[in-house]
Amino acid sequence: MIRRTHPALSAWAWLVYGFLYLPILVLIIFSFNDSKFGATWAGFTTKWYGVLLAREDVREALTNTLLVALSSTLISTVLGTLVGLGLWRYSTRFRLPLTFLLVTPIVIPDVVMGVSLLMFYSLVRGGLELTGWTFENGFWTVMFAHVTFQISYVALTVRSRLAGYDRSLEEAARDLGASSVQSFLRVILPLALPGVLAGALLAFTLSLDDFVVTYFTSGSGFRTLPVLIYTSVKKGVTPDINALSTLLVLFTVVAIVAANAIMRPRAGRGGDS
Amino acid sequence: MKRLLILALLGLTACHRIERTDTAAEGQGATTPAPVERNGGRVLRIIMWSDYIDPDVVKQFEKQEDARVILDTFESNEYMLAKLQGGGASYDLATPSNYFIQVMARARLLQPLEAQKLSNFGNIGAGFLNPNFDPGNVYTVPYQYAATGLAYNSGRFTPSSESWKLIFGDTDTVRFSLLDDPREVIGAALKYLGYSVNSSDVAQLREARDLLRRTVSKRGFESFSGGPEVRNKLLAGTLDLGQIYVGDLLQGVAEDPNLKVYLPTEGTTISTDTLVLLRGSPNPALARKFVNFVLEGEVSAAISNYTYYGNPNTAAAPLLDPFLRSQKAFNPSQADLKSGKVEFINELKAGNTTRLYDRIWTDLKAR
């Protein structure tokens, strides 16, 4: 018999949720505020959404953000999944150093990551210039920079998803006549899939709101939304940015609900088999 | 902490960068031909504070020169410096604050702008010529400036005098905030005590520290806040008096005409943002054209009418928005600038003085 939650505990829970979500609620309400500085309520309006849609820089930044997020998520999910599987499956003396390397991008400060990538790119460019080739920082440098920290998150979620499973599952499949490709596709991958999807979602979100690394690796003229928003903070955030944030929150909620809908039945099937 | 890290990293990047520029741009600071070809000579890259130029002015320049302007933004001088030193982005022009010029020059990020050769250079007001952060205007042209004043909402609060006394004096009833910037806050205290904002005198700084300790422990002290935040609090009426950059406050007057700002009688601080030509500039010729364009009276006035920040251009003065011209705080008198009553914030002497300022600031923030 499960005991009912103590009222004090549920009150505490409400408090915590309030603390987490009230600021977002305030932001959403103020995106409908008819005041340029948004300090006081000056009446209801939807004009900021119009202003937002008319801003070319915002549209461009949004496109850049999504392009980077989607492509880097794709690459890092494939690479990260392979790393995660490898770590789970093989025990070599490189396992510890490899795990250490995977954790590093998660724990080091963004600034260190951003500046070191920036220096790395200039070194590469310097080397390439000798051969007559050159490149400018922009989409590609940002995208690969994102991949470098996303891989860690994907690999670690995939590995922890698989950690509970016995490695002999694959051997059993092979004994029953599955080829290595078959056993990978029909046994290992379905087991790992929730972890892969969770890792991909995590990677996507991280890319979506990364400022520091993007700022340093973006070169000139390539701006993502977080860079656009963060660099305008100094002069005060205008209400059209509230409108933009509201839309992003909405987008995230829809994405999470959709992800849940996709992942739930699969997880159930995994449990049955 | 973040800034500390960036600065530590700069130490590392500096060696690398210097090596690069030595081989790339030996001689009179001209750039290598390669990047010019890369950009076709028709693209100008500027990195500046956000919302700091009238977009119409940029369009006008693009049309006039048949060029494209890429405008990137930065949030603090430190971030901009780190990005430039890393060498990942090639910009033509930047708008650092005056106390950052020597840091950038030492890091060999600047090349001479030769502003005196520009036809519109004569438009710059005498108070802004030959500044001590850049003797002879070798590297810089003043772009816009910000004096620091005290702001209030006249609908809710009437200051009894235009003095720093309301904050630093004995009264304990005024709700006030200070800027979240060590040089501004310590500078204000120094000015109130009758010293220079760039003081390196230990006794004077100790006096300022004691004054500030008393000040922030007052009941009325609200917080250390940035300009836009102060403006919003004054609009909302949760604050009586706030230290603020004049431009930030004036932008809010359209929202509520009761917003007022004054430059305290004891004197105050001022800082200029400057236009500088970067050493790696892919297109120095176009960059110089842009600087000259900005120095035109009409263009310069249009920018100030958009940003509400101070204007160092004498040709622009009669073209400024009548509202701006009517604001005493918008235009400190040339006399006050020359006498140092309204005093430029300069780079501190390295070592001891910097440490002293840091310690005072940490001490205040920890309270």
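The values are calculated or read from the model by the stated rules, or taken from the named source; none is laboratory data. Owing to the predicted nature of the structure, the values given are computational and were not obtained by experimental measurement. Neighbour counts run over all protein chains shown; Cβ positions are idealised from the backbone, glycine included.
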message = The conditions are (1) within 14 Å of chain B (Cβ to nearest Cβ); (2) among the hydroxyl-bearing types (Ser, Thr, Tyr); (3) in a loop (DSSP other than H, G, I, E, B), and residue A:122 fails exactly one of them. Which is it?
response = (3)
ask   = Does residue B:188 satisfy the criteria of being under 22 Å from residue B:333 (Cα atoms), among the aliphatic types (A, V, I, L, M) and touching a Leu at 6+ places or on another chain (Cβ under 9 Å)?
value = yes
ask   = In region B:300-320, which residues are assigned to a loop (DSSP other than H, G, I, E, B), surrounded by fewer than 21 Cβ atoms within 10 Å (Cβ to Cβ) and of a type outside the set (A, V, I, L, M)?
value = B:314
query = Do we have any residue at all in region B:161-179 that's in a helix (DSSP H, G or I) and within 18 Å of residue B:344 (Cα to Cα)?
reply = no
key: Selected residue (only one of A:134, A:148 is more than 14 Å from chain B (Cβ to nearest Cβ), under 27 Å from residue A:214 (Cα atoms) and surrounded by fewer than 20 Cβ atoms within 10 Å (Cβ to Cβ))   = A:148
ask   = Scanning region B:215-233 for residues that are over 20 Å from residue B:246 (Cβ atoms) and either β-branched (Val, Ile, Thr) or within 18 Å of the chain's Cα centre (by Cα) (or both), which turns out surrounded by the fewest Cβ atoms within 10 Å (Cβ to Cβ)?
value = B:216
key: Test: residue in region A:172-188 that is surrounded by fewer than 19 Cβ atoms within 10 Å (Cβ to Cβ), in contact (Cβ under 8 Å) with a residue 24 or more places away in the chain, touching a Ser or Thr at 6+ places or on another chain (Cβ under 8 Å) and assigned to a helix (DSSP H, G or I)   = no
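Within region B:81-100, track down each residue that is surrounded by fewer than 24 Cβ atoms within 10 Å (Cβ to Cβ) and in a helix (DSSP H, G or I).
If the condition is that a residue be surrounded by fewer than 24 Cβ atoms within 10 Å (Cβ to Cβ) and in a helix (DSSP H, G or I), then B:81, B:98, B:99, B:100 are the ones that fit.
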note = Reported set for region B:234-255 where residues are out of contact with any strand residue (DSSP E or B) (no Cβ under 6 Å at 6 or more places or on another chain), among the polar types (S, T, N, Q) and either buried (at least 20 other Cβ atoms within 10 Å of the Cβ) or more than 10 Å from chain A (Cβ to nearest Cβ) (or both) is B:251
inquiry  = On the basis of being more than 23 Å from residue B:146 (Cβ to Cβ), out of contact with any Lys or Arg (no Cβ under 6 Å at 6 or more places or on another chain) and of a type in the set (Gly, Ala, Ser), does residue B:217 make the cut?
reply    = yes
message = Going residue by residue through region B:152-160, is there one that turns out to be out of contact with any helix residue (DSSP H, G or I) (no Cβ under 8 Å at 6 or more places or on another chain), under 24 Å from residue B:100 (Cβ atoms), within 14 Å of chain A (Cβ to nearest Cβ) and touching a residue at least 40 places away in the same chain (Cβ under 8 Å)?
response = no
request  = Among the residues of region A:209-256, count how many are surrounded by fewer than 22 Cβ atoms within 10 Å (Cβ to Cβ), facing another protein chain (nearest Cβ under 10 Å) and closer than 22 Å to residue A:54 by Cα.
outcome  = 8
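This table checks each residue for (1) among the small types (Gly, Ala, Ser); (2) under 20 Å from residue B:314 (Cβ atoms).
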position	(1), (2)
B:249	no, no
B:256	no, no
B:267	yes, no
B:293	no, yes
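Which of the residues that make up region B:312-367 are of a type in the set (D, E, K, R) and in contact (Cβ under 8 Å) with a residue 40 or more places away in the chain?
First pass over region B:312-367, keeping only residues of a type in the set (D, E, K, R): B:321, B:325, B:328, B:336, B:338, B:341, B:343, B:347, B:349, B:355, B:358-359, B:363, B:365, B:367.
Of everything in region B:312-367, those that are of a type in the set (D, E, K, R) and in contact (Cβ under 8 Å) with a residue 40 or more places away in the chain turn out to be B:328, B:336, B:338, B:341, B:343, B:347, B:349, B:358, B:363, B:365, B:367.
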key: Boolean, residue B:207 is outside any strand (DSSP E or B), over 22 Å from residue B:97 (Cα atoms) and modelled with pLDDT of 95 or more   = yes
